[in-house]
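Take a look at the structure below.
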Amino acid sequence: DTGVDSETAWNMYREALPEDQTLRNGEERGWINKSKNMTGFYIDNRNFYEKSAKVFLVLHKPHTGFDKKVLVVRPNIGKRTQSTWSVKRNVNERKWQLCSSEDKLEMARRCWDREFLLSDIPSTVNYQFSCRGRHTESMVLTGHIVPFLDKIKFKLDKKFKLVHVETGENNDRVVNSDVNTRVKNEVGQKSSFSFTPRKIILNGFADVGIGIAAEFSSGIVRGSITKYKNTGAYYDSVPDGTFFVKFSNGRKMKIGASKVKKGIKLYEEEIARFLSIGMPKERTKILEDNNQVAIESKCGSPVCNLEEDRNPKQAERRYEEKFVGLAPCSIVGIEIQDYITAQNLLETIATYLHKQGIESKYEIHSLATIESKASKQLRNNDRNKSKPKDGKE
């Protein structure tokens, strides 16, 4: 929701007023001199605005390094910067009328409330000429694709944002698809995140269940220590036994104490990073309690049939699958505001994968189906061979 309600707008106006006490003198006609501040409410009441006059809040602070720009607030699209010259032109041409009296300010408030109500529609729809709705949509890419996108984020320029999204909750783990409460925290590309690792002392058997992380080709994956054996295989470490670890991607490893310490530090750094970008503490506790498998889901079926899979124009859909499982209640991913940019990016990646000979979801699903049938047939054959004949084994 990009809109700004009237109460918020009036608070912004009142905060700006103490610096603008000389603003109203001699400006009833709407003419603005270069030396004057332009802060105030303005109304555009031209005939082609059929449902409501357009109302603007202009916030201007001269001599602060931003003399060429002003902040313009609208009920439907929120805050935008606009050139000082364009605002002066609209006022001097009588397109915008300054609300310089209590009656006009009250009229501006009524217009603001009316526009805020009218704009309660998607941003792709206009409620009147040049006035679009206030509900926007963006695409957030999460999961295994994020580490790959992070490497090419320079190509996305300013359209790239790392965000944390609270999608809602259901039993502290999952959400329904129709949840309408979404809280997004943006994280700048240059993060001020800092992490000071603690001194880690391992005991061996008592360390079973501790969270650990490792960096794979797909990115950083969390897991936990599942077992410890006093093998003495790592004589230069304390303890000198073998730690058995399992990660959420299914990988299992046997490592010594030195690598375990590095993995624990990486795990704690990841948890601290989630906290730094706004993830609530209870969410990170869920991550700690469920570090074996973050999201349990089956391999989804492809969205393409055989004919679509062979269509070169369906490059991106060839690598899509129907999600099966429980949606996470909290995600961290890359947000791209422009849907067309996101779609073009995904199509570019899919085309590259196709040229590299990477199997599509349909091909993988078909192969898995054949293997499953073959495996089932072999098991049936083995059972038939093991059955006794004529009651004798």
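The values are calculated or read from the model by the stated rules, or taken from the named source; none is laboratory data. Keep in mind the model is a prediction, meaning the values are calculated, not measured. Quick reminder, even Gly has a Cβ in these numbers, built from the backbone with ideal geometry, and neighbours come from all protein chains shown.
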Handout entry: Condition check for Asp67: in contact with a Ser or Thr (Cβ under 7 Å, 6 or more places away or on another chain) and at pLDDT below 80
Key = yes
Practice task
Report the residue count in the stretch 33-46 for those that are buried (at least 18 other Cβ atoms within 10 Å of the Cβ) and either at pLDDT below 60 or farther than 21 Å from Lys95 by Cα (or both).
Solution key: 1
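Here is a yes/no grid of residues against (1) closer than 14 Å to Glu215 by Cα; (2) modelled with pLDDT under 65; (3) crowded, with 16+ Cβ neighbours inside 10 Å:
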| position | (1), (2), (3) |
| --- | --- |
| Asn249 | yes, no, no |
| Gly256 | no, no, yes |
| Ile264 | yes, no, yes |
| Tyr267 | yes, no, yes |
| Glu282 | no, yes, no |
Handout entry: Residue selected from the stretch 227-251 under the condition outside any loop (DSSP other than H, G, I, E, B) and in contact (Cβ under 8 Å) with a residue 24 or more places away in the chain, by the criterion farthest from Lys262 (Cα to Cα)
Key = Tyr228
